[in-house]
Amino acid sequence: MLRAPSLLWLFALLVAVAPLGCSPVPAPTSAPVIELNAREREFIADHPTIRLMVDPHFEPADFIDEKGNHSGMAADFLSMLSARTGLIFEPVPLDADGRQELDPVKRGVDGVALSATTPNRLAFYNITDTLLEFPAYILTRRGKVDHFVTPSDLMGWKVGVVSGYASEEYLRREYPKLTLVTFPNTDAGLRSLAYEDQIDAFISTIPVSTWWLEQEGYTNLKVAGEVGYMYRLGVTSRNDWPELHSILQKGVASITYQERHTIRSKWLNAPYEPFYRSWQFWSWFVSALGSVLAVSAGVALWNYQLRKKVRERTAELAAGEALYRTTLENVSDAVMLVRADRTVAYASGGVARVFDRDPAAVLASAGLPDLFGPEFAHRVADELKNEEFTRLDADGRTRTLFVTSTPVIIQDAVRLVVVHDVTDRTRLERQLRQQKTLETVGLLAGGVAHDFNNLLQVIGGFAEMAGSDLATEAARKLYLGRVSDATGRATSLTRQLLAIARRKPGDKSTVDVGRVTRDLLPLLSGLVSKLVRVEFTPPPVPLMVCSDPTQVEQVLLNLLVNARDAMPDGGTATVAWDALDRTAEQVAGFPNVQPGRFVRLRVTDTGTGIPPGVRSKIFEPFFTTKEEGKGTGLGLSVVLGVAQDAGGYVDLQTEEGKGTTFEVFWPAV
């Protein structure tokens, strides 16, 4: 099937080659017999020689050549008329100063070889049918204008014309406000325009101007517009000799198109007559019309096939829309399209499941403010992307919703809002956090048991020594002081352990991570193997994050336990905190993370490293490489969950045999 561009190229090709297929039939060139009546024959007998005024500088239409002979197209036409009528024409050169005198008797002539029809000239002359047509054009220097101009655009310019020419009469009649500067001939006007800078524009015809441009080599002139006047030139005769006009009219009528074309081609390189007057145009037009009809038929066929394709595609789109609509209506999430005024343009069937509201009622309501309240509705409509929202149902049950709001342009809707009910998931996560808190307390309790036992032995030993009869008063005071110190350390250990156990998971606050680390590390001496040395240098300035302190402790504890297990033969675990900026490019691989300032925890071990096949699975819940019963596989998944919950992420660098570094990023406060 042809496509539209292909048809356009075909049409252009047919139009281009259509003239090549035209074979014009030459017009007869033999001179026809002119039948004259008795009065016309009598006139020729009485006036065998007719004096016709010629323009010596209207090249190439009418001029006197270097040898003083009458030349140009007018001379060729008069020669043809002389042969057909029997008249003898005597050329009389026109004096430029006498061009304003129209009366042929005063000029001493019987007519004009070529003259344009004007109201003033018709008062003295009869003019035959048109032999030549030349449109008048506006010429300027190159760079003068950059657009097509008309006489109305020349107000305020100095416009050159040839004195006595029909174009001067036309401009003075139609544009009386133009400033006209007259010249004796076309050559003088063009020379002034090109070199002397006396005028801004010059009025002439294309054939005459082209003649002088070629003769004088003017290269800085161009055609800038059209005057709107057409020189229609015929042979004129004094109006008191009607017989002469009749003879000349019959002679002009006998000149065929082919004969006129031959004379024009002899003298002209540029076309000067309207294209619609030529038989070549009509021959081309007929051929082109046939080509256009053929192309139109092809376009009609292509259009029919295109409409068929459109109907088929429309049916496919309708089926696809029905499929997508059915899918949306049956997903458990609530999907809504929201307008700029926060009313709802579309509500899926999930709205009934998530909000316990009929979708039709939501469409008729105030929209988001009814579902979320004014404050959260504002955030959903203007700025929010992903966030949890807690809603109290009509039955008093608390429901946790995860809301995603995305800018769109779908008809009059500007936001796509998807609401997922995460109440059950949130409850399970809370239970998991509580379980991990208890696990943390259990691990810490096991770790401090050894230290606590040592303190009890210190207390018991010094108490026994203080109660000895052999002890002096000064010794008893020393022993009791040691007992008091050991009791204080035991009390501190117990207080820290109880604080962790009593803390409510999920309560976020501004946390100084350096202080949390400093307070937690003393509790880990029994948890971390004696073969593992923990190094920690507090940050030089407080580093603050918004998090649950228990979760920060869980991250530290899980990473240090992971480091301990990676170094069964001992080694060094390094804990460090710092702050740094992350660009959009650096966080592009981590979902829902915005660039900005972050607080980073780095836990580095000198252990065995992580094998490549294991790295992609280490953050999966319940994945563990330990023996059954020695690990839950939840440690690193909890680390990842804590970081993502805070808007951060976890990165990893490891190499087998050289150790591992876990980096946990929290948005800085």
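If you go through the stretch 562-580 and keep only what is more than 15 Å from residue 651 (Cβ to Cβ) and surrounded by fewer than 17 Cβ atoms within 10 Å (Cβ to Cβ), you end up with 568, 569, 570, 572, 579. Within the stretch 45-86, the set of residues being of a type in the set (Gly, Ala, Ser) and part of a loop (DSSP other than H, G, I, E, B) comprises 61, 68, 72, 86. The conditions of being open to solvent by less than 70 Å² (accessible area, probe 1.4 Å), modelled with pLDDT of 80 or more and not in a loop (DSSP other than H, G, I, E, B) are not met by residue 407.
All of 95, 110, 129 fail the test of being under 27 Å from residue 265 (Cβ atoms) and not hydroxyl-bearing (Ser, Thr, Tyr), apart from 129.
Between 113, 123, the distinction of being touching a Leu at 6+ places or on another chain (Cβ under 8 Å), surrounded by 12 or more Cβ atoms within 10 Å (Cβ to Cβ) and at pLDDT 85 or above belongs to 113 only. Residue count for the stretch 344-373, restricted to those that are under 37 Å from the mean Cα position of the chain (by Cα) and touching a residue at least 24 places away in the same chain (Cβ under 8 Å): 7.
Search the stretch 57-79 for residues being among the acidic types (Asp, Glu) and without any contact (Cβ under 8 Å) to a residue 60 or more places away in the chain, and hand back the single one that is farthest from residue 161 (Cα to Cα). Steps first, answer last, please.
Let us first name the residues in the stretch 57-79 that are among the acidic types (Asp, Glu), namely 59, 62, 65-66, 76.
Filter again for without any contact (Cβ under 8 Å) to a residue 60 or more places away in the chain, leaving 62, 65-66.
Numbers: 62: 18, 65: 23, 66: 24 Å.
Ranking the qualifying residues of the stretch 57-79, first place goes to 66.
Where strands (runs of 3 or more DSSP E) sit wholly within the stretch 523-603, those with at least 2 residues that are hydroxyl-bearing (Ser, Thr, Tyr) occupy 571-582.
Kindly provide the set of residues from the stretch 182-209 that are among the hydroxyl-bearing types (Ser, Thr, Tyr), assigned to a helix (DSSP H, G or I) and crowded, with 18+ Cβ neighbours inside 10 Å, ordered by number. Step through it out loud before you land on a result.
Our first condition is that a residue be among the hydroxyl-bearing types (Ser, Thr, Tyr); within the stretch 182-209, this holds for 182, 186, 192, 195, 204-205, 209.
This time we only want the ones that are assigned to a helix (DSSP H, G or I), so: 186, 192, 195, 209.
Selection gives 186, 209.
Of the residues screened, residue 42 is not one that is modelled with pLDDT of 90 or more and part of a strand (DSSP E or B).
Selection of first residues in the stretch 566-584 that are at positive phi and of second residues that are assigned to a strand (DSSP E or B), restricted to Cβ pairs under 7 Å at least 6 apart or on distinct chains, gives the following pairs, ordered by first then second residue: 570/532; 571/532; 571/605.
Among the residues of the stretch 308-352, write down those that are at pLDDT below 80 and either in a helix (DSSP H, G or I) or open to solvent by 60 Å² or more (accessible area, probe 1.4 Å) (or both).
Taking the stretch 308-352 as the starting set, the residues that turn out to be at pLDDT below 80 are 320-332.
Result: 320, 321, 322, 323, 324, 325, 326, 327, 328, 329, 330, 332.
Scanning the stretch 543-566 for residues that are closer than 14 Å to residue 519 by Cα and under 49 Å from the mean Cα position of the chain (by Cα) returns a single hit, 552.
Residue-wise test of (1) of a type outside the set (Lys, Arg); (2) under 56 Å from the mean Cα position of the chain (by Cα).
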residue: 119; (1), (2): yes, no
residue: 131; (1), (2): yes, no
residue: 152; (1), (2): yes, yes
residue: 177; (1), (2): no, yes
residue: 190; (1), (2): yes, yes
residue: 215; (1), (2): yes, yes
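Go through 241, 212 for me and flag whichever is under 30 Å from residue 51 (Cα atoms), open to solvent by 10 Å² or more (accessible area, probe 1.4 Å) and touching a Leu at 6+ places or on another chain (Cβ under 7 Å). Spell out how you get there, then give the answer.
On the way: 241 fails: touching a Leu at 6+ places or on another chain (Cβ under 7 Å).
Result: 212 is the single residue among 241, 212 that is under 30 Å from residue 51 (Cα atoms), open to solvent by 10 Å² or more (accessible area, probe 1.4 Å) and touching a Leu at 6+ places or on another chain (Cβ under 7 Å).
Candidates 145, 92, 109: the one that is part of a loop (DSSP other than H, G, I, E, B) and within 30 Å of residue 48 (Cβ to Cβ) is 109. Which one is nearest to residue 152 (Cα to Cα) among residues in the stretch 170-181 that are open to solvent by less than 40 Å² (accessible area, probe 1.4 Å) and assigned to a helix (DSSP H, G or I)? Among those that are open to solvent by less than 40 Å² (accessible area, probe 1.4 Å) and assigned to a helix (DSSP H, G or I), it is 171.
Taking the stretch 500-519 as the search range and keeping residues that are modelled with pLDDT under 80 and either in contact with an Asp or Glu (Cβ under 9 Å, 6 or more places away or on another chain) or in a loop (DSSP other than H, G, I, E, B) (or both), which one is surrounded by the most Cβ atoms within 10 Å (Cβ to Cβ)? Explain how you work it out, then say what you get.
Restricting attention to the stretch 500-519, the residues satisfying the condition of being modelled with pLDDT under 80 are 500-508.
Next, from what is left, pick out any that are either in contact with an Asp or Glu (Cβ under 9 Å, 6 or more places away or on another chain) or in a loop (DSSP other than H, G, I, E, B) (or both): 500, 503-508.
Numbers: 500: 20, 503: 16, 504: 10, 505: 17, 506: 14, 507: 11, 508: 13.
Among residues in the stretch 500-519 that are modelled with pLDDT under 80 and either in contact with an Asp or Glu (Cβ under 9 Å, 6 or more places away or on another chain) or in a loop (DSSP other than H, G, I, E, B) (or both), the one surrounded by the most Cβ atoms within 10 Å (Cβ to Cβ) is 500.
If the condition is being exposed (fewer than 13 other Cβ atoms within 10 Å of the Cβ), assigned to a loop (DSSP other than H, G, I, E, B) and at pLDDT 80 or above, then the stretch 359-398 contributes only 373.
Residue-by-condition table, conditions (1) touching a helix residue (DSSP H, G or I) at 6+ places or on another chain (Cβ under 8 Å); (2) surrounded by 18 or more Cβ atoms within 10 Å (Cβ to Cβ); (3) modelled with pLDDT under 75; (4) not hydroxyl-bearing (Ser, Thr, Tyr):
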residue: 602; (1), (2), (3), (4): no, no, no, yes
residue: 614; (1), (2), (3), (4): no, no, no, yes
residue: 629; (1), (2), (3), (4): no, no, yes, yes
residue: 652; (1), (2), (3), (4): yes, no, no, yes
residue: 655; (1), (2), (3), (4): no, no, no, yes
residue: 658; (1), (2), (3), (4): no, no, no, yes
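The values are calculated or read from the model by the stated rules, or taken from the named source; none is laboratory data. Predicted, not measured: the structure shown is a model, and the values here were computed from it. Don't worry about glycine lacking a Cβ; one is built from the backbone with ideal geometry, like all the others, and counts go over all protein chains shown. Protein only, heavy atoms only, side chains kept; ligands, DNA and RNA dropped before computing areas. Shrake-Rupley method; radii C 1.70, N 1.55, O 1.52, S 1.80 Å.
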